[in-house]
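Some notes on the structure that comes next.
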Amino acid sequence: MRIRKATLEDAKELSALRKATIRAINKHDYTPSQIARWSKRWNTVEFQLQDDPFLRYVAVQDGKIVGYADIRKKSPEEMGGLYVRKDFIQKGVGRKLMKKIEDMVRKMGVKSFLLHSSTTAKGFYEKLGYTVLSLKKNRIKGDYYILEKKLLHP
Ligand SMILES: CC(C)(COP(=O)(O)OP(=O)(O)OC[C@H]1O[C@@H](n2cnc3c(N)ncnc32)[C@H](O)[C@@H]1OP(=O)(O)O)[C@@H](O)C(=O)NCCC(=O)NCCS
């Protein structure tokens with residue numbers, strides 16, 4: 001598996017991956033209407049049009065994208081999206097993408113990295129050393145957590 005920067009040509013694959021993962025993996029923790037609303041966003045055109053404000057990386061295996069992660073260039077102290085292809089869950093893709101993102105934001109000077117986590121991903125982030133700061137309850141979006149990790153600088 002290798003990690004590379006996303007390109008505009010990846011938009012269609014990324015949109016399909018995100019939608020399928022939310023519908024298959026996050027569905028266990030959210031209501032059908034929350035899943036429908038969440039998975040509807042970020043179609044192919046949105047991925048293309050909103051590409052520039054983001055630094056986005058993809059994990060590729062055997063020519064197909066098996067996950068992606070991004071941050072907004074303007075706010076590198078906060079994680080953007082992280083999605084692993086539904087049939088590649090629990091194979092180390094998420095960990096590898098997070099390492100890439102953490103290495104990058106560390107180089108940008110970030111010392112304390114924040115993220116919003118789904119209920120689904122909370123245990124994963126805790127495993128990677130993140131600590132829960134708070135739980136947010138949102139009727140429309142569903143519950144989510146704010147977590148933080150202090151990034152070590154040499
Ligand atoms: C959360 C997510 C990104 C994790 O990616 P992944 O590739 O499956 O995770 P990894 O295989 O790299 O797991 C790394 C470690 O975390 C553990 N882990 C993975 N998912 C976990 C979970 N949901 N709860 C607890 N631990 C988890 C793994 O067992 C592994 O531990 P180990 O190294 O001791 O074996 C993936 O499940 C996903 O895309 N979920 C749906 C989308 C989502 O909720 N994204 C977050 C947006 S807020």
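Quick look at the numbers
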item	result
Accessible area of the chain belonging to carbon and sulfur atoms, whole % at 1.4 Å probe	52
Percent RCO, i.e. relative contact order, over the chain, from Cα pairs under 8 Å lying at least 6 residues apart	21
Label-to-label distance, nm, for residues given as Lys111 and His28 (7 Å Cα→Cβ offset)	3.8
Where the chain is the region considered: accessible area per residue in Å², 1.4 Å probe	58
Relative frequency of Cα-Cα separations exceeding 17 Å in segment 2-150, percent	61
Cross-link pairs Lys40/Lys100; Lys74/Lys149; Lys27/Lys149; Lys27/Lys74; Lys5/Lys150; Lys12/Lys137 - those with Cα-Cα distance over 29 Å	Lys27/Lys74; Lys12/Lys137
C-alpha center-to-center spacing [segment 106-123, segment 25-77] in angstrom	15
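The values are calculated or read from the model by the stated rules, or taken from the named source; none is laboratory data. All values derive from a computational prediction rather than experimental measurement. Counting neighbours? That spans all protein chains shown, and the Cβs are built from the backbone with ideal geometry, glycine included. Accessible surface is based on the protein model in full, side chains and every heavy atom, while ligands, DNA and RNA are left aside. Shrake-Rupley method; radii C 1.70, N 1.55, O 1.52, S 1.80 Å.
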